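The structure appears below as structure tokens.
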Amino acid sequence: NMASLFEQEIQTLTGVGEKRAKLFHKLGVFSVGALLRFYPRIYEDWSQPFTIEQAPFGVPCAIRAVVLHKPIETRIRKGMTLYKTSVTDGMRDLQLTFFNNPYIVNALTEGKEYIFYGKVSGTLLRKEMSVPEFYPVSSAPSVCPIYRQTEGLSTRMISNAVKHALALLPEQVKDPIPYDIRMQYHLCELKYALEQIHFPDSMESMKIAKKRLVFEELLTLQLGLLELKYRKKQETSLPPFIDYCNEFFQLLPFTPTSAQKRAISEAMADMTNPKKRSPMSRLVQGDVGSGKTAVAAALCYSVIKNDVQAALMAPTEILAQQHYASISDILKDTGISVGLLTGSVTPAKKRKLLEQLQDGSIQMVIGTHALISETVAFKNLGLVITDEQHRFGVAQRSLLAEKGNHPHMLVMSATPIPRTLALIIYGDLDISVLDELPPGRQTIETYAISSRKRARALQYIRTHLDAGQQAYIICPLVEESTNDMASVVQYANALQTETFPDKVIGTLHGKMKPKEKDTVMTAFANGKIDVLVSTTVVEVGVDVPNAVIILIENAERYGLSQLHQLRGRVGRGNKKSTCILVSDVQNEEAIARLKILCSTSDGFRIADEDLRLRGPGDFFGEKQHGLPDLKIANMAEDMEVLKKAQSAARHVLSCDPKLEQPEHQGLKGQIKRLFSVFGGQGFH
Ligand code: ADP
Ligand code: MG
């Protein structure tokens with residue numbers, strides 16, 4: 001059956017030796033099953049060839065024509081030989097060129113008819129095609145799939161391997177999607193889908209196959225996400241808590257905002273209710289600077305007073321340290337002991353800490369991913385909080401929760417997303433919103449300028465640097481700038497040698513190791529770096545109150561919500577802060593978008609505008625939400641299917657909440673594979 005093909009190594013396929021297997025591994029394909037799920041990237045339609053006259057310029061298309069003569073070889077220089085030939089469709093001729101491919105001389109036979117596929121170039125009078133693909137008319141496919149390739153592994157080789165893999169499928173493949181769901185949503189069977197997605201008879205049959213595979217993937221995703229909902233049906237062994245938050249408020253150096261109070265009491269209501277015996281699963285969404293840390297701290301304090309432990313997980317070392325510093329400070333006179341667990345804690349300290357977590361002498365722990373490692377165990381974990389949740393996978397979240405016996409769970413996010421999308425992304429988490437900033441917070445003055453005014457902006461930055469303040473500069477690229485895009489490394493060099501020779505310039509980007517990033521970020525937070533030139537990796541909520549200006553190059557390249565996040569790096573203290581958006585785009589829509597940022601600081605309004613102007617793509621963008629990688633579905637484009645898959649998932653879970661029935665075993669396997677990053681956790 002299909003599942004066992006996932007156990008069968010790719011190397012066992014005919015024609016796949018050790019070397020080729022390595023190339024498949026590069027593409028993330030390790031098993032025969034994974035190869036069948038390695039879908040083509042695009043399809044070329046060879047079924048309706050153009051006449052040479054009608055063939056459009058510059059767009060890939062098929063042409064049916066007869067070869068007029070054997071390709072002729074011309075050596076134009078060392079290492080470069082051209083092969084040229086002409087073909088005709090009876091009305092017009094087309095010139096074909098191939099490079100360094102002696103095999104072509106015999107591959108094309110004079111007088112024989114072929115289908116050529118490529119882009120037409122040249123002039124109206126003399127049309128040409130460079131390096132077309134071709135098949136004799138008699139054996140040409142009607143649709144030609146193209147795979148994601150890697151050097152040494154071409155589409156044809158992949159296609160061949162897939163052919164062998166398909167042959168291993170039994171006559172009857174067990175379909176993971178139950179029969180009634182297939183009927184209800186008009187989905188074809190798995191075997192047909194796999195055959196047609198790889199070797200389509202026509203564009204239509206490919207679409208039928210794709211529809212099913214997209215549905216299957218989104219159904220799997222939704223089932224995995226709805227695990228969070230399933231949590232709600234579980235019984236927690238924790239007793240109803242008593243609310244100690246008012247006591248906690250006395251410890252704060254400020255008065256909580258009413259939004260903070262509301263979020264806290266919503267969460268406390270989940271945990272104090274004697275009738276509701278399921279654990280809390282709640283998302284707190286709050287704009288940057290809205291004070292999520294205090295919400296987390298209040299809840300931790302309250303549950304710890306109820307004699308259980310609390311854990312707070314942050315995505316980076318420096319964020320964990322900041323949380324540790326600020327929360328230990330608030331809790332210093334309460335007798336509550338707080339521990340810090342990150343990758344760089346010394347082994348001796350770590351051993352001690354692990355003991356204390358296990359015997360309960362530490363009541364609260366703050367840390368990074370290190371918290372989910374196997375060696376960590378708690379005496380009585382009652383509350384798990386994940387900060388900046390989009391940096392974590394769904395699986396990581398649940399791994400931490402599994403260290404307790406159905407503990408309460410809170411996730412915090414600074415990415416405001418419209419409610420409709422939140423429901424899809426987070427399954428059925430309850431949502432609390434912090435829609436208010438603490439009083440006295442200055443709005444960040446935001447300006448959009450063209451690059452002609454850059455020099456002036458840098459002078460403005462200098463006056464602040466001279467006053468001992470700091471600045472961020474954001475560039476889209478890392479090393480090499482292009483004509484119209486700035487890179488971190490080159491920009492930083494130019495600043496250091498020309499503009500600010502007397503200042504310390506630091507750089508930060510995704511090609512650096514996590515440790516290096518942390519070192520730079522810590523140096524900046526401690527004021528040892530004056531200007532930090534960075535890619536968008538600075539996004540996550542580190543607090544540097546002394547940084548008062550952020551200048552963003554190529555601002556048109558980012559979604560509004562992302563720009564808003566970036567802007568939130570400044571204005572963390574009580575000093576007036578400024579955001580400068582540099583962009584040379586002329587396009588009115590892009591200008592209108594930047595103006596929205598200049599005119600409002602309300603993250604939710606910005607998110608709504610972003611959704612309206614650019615569609616949901618940005619919200620599902622790269623790794624934004626810790627969701628697993630999808631192979632065929634595109635959440636932005638397949639929103640409608642996503643909704644259907646969600647209701648199908650609900651239906652499945654309502655009949656079989658633990659997916660125990662035989663007809664759901666296929667789906668269960670799929671979920672495990674989709675969420676497999678951390679050992680296939682997800683469903684229990
Ligand atoms: P975020 O929601 O971005 O995580 P933080 O929790 O880091 O925000 O809070 C940002 C800053 O605002 C911190 O310095 C925090 O001490 C401060 N703060 C939080 N709540 C309040 C409040 N109610 N009044 C005044 N300052 C507050
Ligand atoms: Mg935060």
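The values are calculated or read from the model by the stated rules, or taken from the named source; none is laboratory data. Model, not experiment: these values are computed from the prediction. Every residue, glycine among them, receives a Cβ derived from its backbone with ideal geometry; neighbour counts consider all protein chains shown.
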Problem set entry | Matching residues, region 256-311, being within 16 Å of ligand 2 (Cβ to nearest atom) and either without any contact (Cβ under 8 Å) to a residue 12 or more places away in the chain or of a type in the set (Asp, Glu) (or both) | Asp287
Exercise. Which of (1) surrounded by 12 or more Cβ atoms within 10 Å (Cβ to Cβ); (2) of a type in the set (A, V, I, L, M); (3) assigned to a strand (DSSP E or B) is the odd one out, the single condition Ile52 does not satisfy?
Worked result: (3)
Problem set entry | Scan of region 539-560 for residues that are in contact with a helix residue (DSSP H, G or I) (Cβ under 7 Å, 6 or more places away or on another chain) and within 16 Å of ligand 2 (Cβ to nearest atom), ordered by number | Glu539, Val540, Gly541, Val542, Asp543, Val544
Seminar exercise, completed: Per the list (1) more than 23 Å from Ser481 (Cα to Cα); (2) part of a helix (DSSP H, G or I); (3) of a type in the set (Val, Ile, Thr); (4) within 16 Å of ligand 2 (Cβ to nearest atom), residue check on Thr519 breaks on (4)
For this session: For Arg77, indicate whether it is closer than 30 Å to Arg673 by Cβ, at pLDDT below 95 and surrounded by fewer than 17 Cβ atoms within 10 Å (Cβ to Cβ).
Result: no
Exercise. Taking region 134-154 as the search range and keeping residues that are assigned to a loop (DSSP other than H, G, I, E, B) and in contact with a helix residue (DSSP H, G or I) (Cβ under 7 Å, 6 or more places away or on another chain), which one is surrounded by the most Cβ atoms within 10 Å (Cβ to Cβ)?
Worked result: Tyr147
Exercise. Any idea which residue in region 291-312 is farthest from Asp387 (Cα to Cα), counting only those that are within 14 Å of ligand 1 (Cβ to nearest atom) and not in a helix (DSSP H, G or I)?
Worked result: Gly291
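Listed here are the residues, each with its yes/no results for (1) in contact with a strand residue (DSSP E or B) (Cβ under 7 Å, 6 or more places away or on another chain); (2) within 16 Å of ligand 2 (Cβ to nearest atom); (3) farther than 25 Å from Thr519 by Cα.
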| position | (1), (2), (3) |
| --- | --- |
| Leu331 | yes, no, yes |
| Ile336 | yes, no, yes |
| Ser344 | no, no, no |
| Pro347 | no, no, no |
| Met364 | yes, no, yes |
| Ala370 | yes, no, no |
| Val384 | yes, no, yes |
Exercise. Mind checking which residues of region 313-354 are within 16 Å of ligand 1 (Cβ to nearest atom) and over 33 Å from the mean Cα position of the chain (by Cα)?
Worked result: Asp329, Ile330, Leu331, Lys332
For this session: Evaluate region 494-501: report whether one residue or more is among the hydroxyl-bearing types (Ser, Thr, Tyr) and surrounded by 15 or more Cβ atoms within 10 Å (Cβ to Cβ).
Result: yes
Exercise. Here are Thr257, Thr272: which of them is out of contact with any helix residue (DSSP H, G or I) (no Cβ under 8 Å at 6 or more places or on another chain) and more than 16 Å from Leu410 (Cβ to Cβ)?
Worked result: Thr257
Exercise. Are any of the residues in region 273-290 assigned to a helix (DSSP H, G or I) and within 16 Å of ligand 1 (Cβ to nearest atom)?
Worked result: no
